[in-house]
Every structure is written in structure tokens, then in C-alpha cells.
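Structure first, commentary second.
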Amino acid sequence: MRYSKSRYTKPILVLTVLFCAFTINSCNEGNIIEPVPIVDCMDKTAINYNPYADVSDESCIYPSFKIKVQYLFNAQRFFLDSIYSKDGVNLKLSTAQFYLSNFRLVNADSTEFSFGDKTLLITPNVDTYELGQCQSKRVVGMKFDIGLSETDNNTMPVDWPTSSSLANNDMYINSSYGYSFASFKGILDLDYDLIFSTPLNFTLGTSDARRTLAVPFHLNLTQQNEDVDLVLDLFKLFEGIDLTTNNQTNTIDNSNVSDILLANFPESIEED
């Protein structure tokens with residue numbers, strides 16, 4: 001009997017195809033391809049926030065925040081040891097410095113971001129001050145204290161590293177009163193004849209002298225480095241003080257002058 005080759009080839013081919021299909025399907029079921037998770041920054045306050053990230057890799061970058069402080073006198077640039085006039089009196093200041101502390105950014109939702117225990121000694125010789133990284137996006141203002149916390153005011157310069165602004169001996173009064181929160185020293189020409197002979201010494205201190213200031217501004221923190229420009233106008237700070245008769249105060253011995261200075265500070269510092 002002769003057998004037809006094609007009679008047996010077709011069933012074998014069909015079986016082979018079915019076997020291969022079954023094998024491939026079984027392999028696919030056992031090796032399901034999972035989506036690869038996106039690993040990146042997941043903090044919405046960071047400038048490199050990735051909304052598509054699934055896993056945080058702690059790579060978030062936050063804006064580095066700085067303040068710039070420019071001294072003015074009656075809206076003109078101020079320089080130490082230069083001559084300025086106010087109410088018929090010439091004055092030259094050799095010292096004009098003060099402490100700022102307890103910095104907070106005010107967010108658009110009224111929450112606040114604190115820079116911790118950062119304390120700065122503001123002087124005319126330095127115009128830019130680093131506060132550190134901040135986890136804020138939409139900022140509507142800043143708050144800070146003029147002066148020091150009671151804890152810091154009870155320390156001494158020797159308690160701090162030389163790099164600290166609190167290691168400054170010129171701003172330290174004594175163990176009873178602590179530090180000067182603000183110091184403005186110079187010499188006056190009361191007769192307006194360019195003969196400077198009357199000392200000027202405005203020193204503010206003690207924990208009761210600390211004041212909180214709020215400076216409004218609007219800023220979207222989207223860059224790695226952000227800063228805010230502030231100005232201090234000494235003409236406004238001395239407003240209401242008769243320099244011919246009230247040119248000395250150490251906070252405790254002439255409260256009239258120190259009270260005026262403390263009341264004038266909020267009007268003297270503003271965003272540029």
C-alpha cells in the first residue's frame with residue numbers, strides 16, 4: 001500500500017504550530033514586563049520637582065535665599081565717615097550696624113518657613129547675606145527680629161566661634177545687659193560750620209528692645225538662587241530726634257530716644 005506524504009504532513013504541521021503558540025503564550029505569562037518606576041524629586045516645593053516621579057531619590061534642590069541690604073540717608077546712598085545733614089545738623093557716622101535674627105518667609109497660604117537660628121550683623125560694608133535653602137514656592141513677605149533672642153543675648157562673644165556674628169566684641173555691652181542690638185556712633189557738627197566736636201552714640205539693647213518687623217513683597221521661588229533687596233534709610237530712622245539735645249542713648253539712660261528709634265525701625269526698612 002502506498003501512503004500519501006501530504007496526508008501526514010498537514011496534521012504534523014498543525015500540531016507544531018499549536019505547540020509553538022502554546023509555548024510562546026506560556027513564556028509571556030511567566031515574564032510579564034513591569035513598567036520601570038521613575039525615580040526623581042517628589043517634593044513640590046523643590047525647583048526640580050518631577051510630577052511624574054514614582055519614587056523619591058532625595059535629589060531635591062531648593063532655592064538658596066539671600067537678602068541684600070543697602071544703607072541710605074534721605075534716599076541717597078550712605079557711606080561711613082561721609083557728611084550728611086539733618087535739621088540743620090551735620091553728622092558723620094563711623095558705626096552703623098544692627099542684628100537681625102529669627103528670619104521667616106511668609107507663604108501665600110499664610111504659613112511660614114523658618115531659617116532657624118540664623119543671626120546676621122548688618123553693616124554698610126557688606127551688602128549680601130546668605131540665609132540658606134528654603135522650602136517655599138510663592139512668598140508674599142518676610143518677618144525678622146531686630147535684636148537677639150533672650151537665649152543668645154545671655155551669651156558672650158567668647159562662647160561663639162570667630163566666624164559667628166555674635167563673636168563681635170564691639171557689639172557686646174556686659175554680662176548684665178548682653179549685646180547691643182543696634183549701634184550708631186559718630187560725631188556731629190551742631191553749628192553747621194563743618195567743625196565736628198559733639199559725639200553721637202545711639203546704642204539699643206536688652207531683650208525688651210527686640211522688635212519684629214514684617215516686610216511685604218511677592219516672589220515666586222523658581223531659581224536655584226533667589227534674593228530680596230532691602231534698604232535702610234537712616235534719615236527715617238533718626239526722624240523725630242533733636243540731634244542738638246538728644247545725641248546719646250544706651251537704652252537704659254535715655255528711653256525717649258531709644259523708644260523713637262525702635263518705633264522708627266519698621267518705617268526705615270523696606271523692600272527696594
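Observations on the model:
- The strands (runs of 3 or more DSSP E) located wholly in the stretch 103-157 that include 1 or more residues which are modelled with pLDDT under 95 and over 19 Å from A214 (Cβ atoms) occupy 128-133.
- F115 being surrounded by 13 or more Cβ atoms within 10 Å (Cβ to Cβ), of a type in the set (F, W, Y), farther than 30 Å from G186 by Cβ and within 19 Å of the chain's Cα centre (by Cα): yes
- Some residue of the stretch 22-29 being at pLDDT below 95, exposed (fewer than 11 other Cβ atoms within 10 Å of the Cβ), out of contact with any Leu (no Cβ under 7 Å at 6 or more places or on another chain) and of a type in the set (D, E): yes
- Consider the stretch 83-111 and keep the residues that are among the small types (G, A, S) and surrounded by 13 or more Cβ atoms within 10 Å (Cβ to Cβ). The one that is farthest from V126 (Cα to Cα) is A108.
- Selection of the stretch 30-45 for residues being at pLDDT 85 or above and either surrounded by 10 or more Cβ atoms within 10 Å (Cβ to Cβ) or assigned to a helix (DSSP H, G or I) (or both) yields I38, V39, D40, C41, M42, D43.
- Of everything in the stretch 220-269 that is closer than 24 Å to S85 by Cβ and hydroxyl-bearing (S, T, Y), the residue that is nearest to the chain's Cα centre (by Cα) is S268.
- Some residue of the stretch 248-262 being within 28 Å of E130 (Cβ to Cβ) and either touching a residue at least 24 places away in the same chain (Cβ under 8 Å) or crowded, with 19+ Cβ neighbours inside 10 Å (or both): yes
- Y84 fulfils the conditions (1) assigned to a loop (DSSP other than H, G, I, E, B); (2) touching a strand residue (DSSP E or B) at 6+ places or on another chain (Cβ under 6 Å); (3) at pLDDT 95 or above except for a single criterion, (1).
- Enumeration of residues in the stretch 58-81 that are charged (D, E, K, R), under 26 Å from the mean Cα position of the chain (by Cα) and part of a loop (DSSP other than H, G, I, E, B): E58
The values are calculated or read from the model by the stated rules, or taken from the named source; none is laboratory data. Since the model is a prediction, treat every value here as computed from it, not as a measurement. No Cβ is skipped: glycine too gets one built from the backbone with ideal geometry, and neighbour counts run over all protein chains shown.
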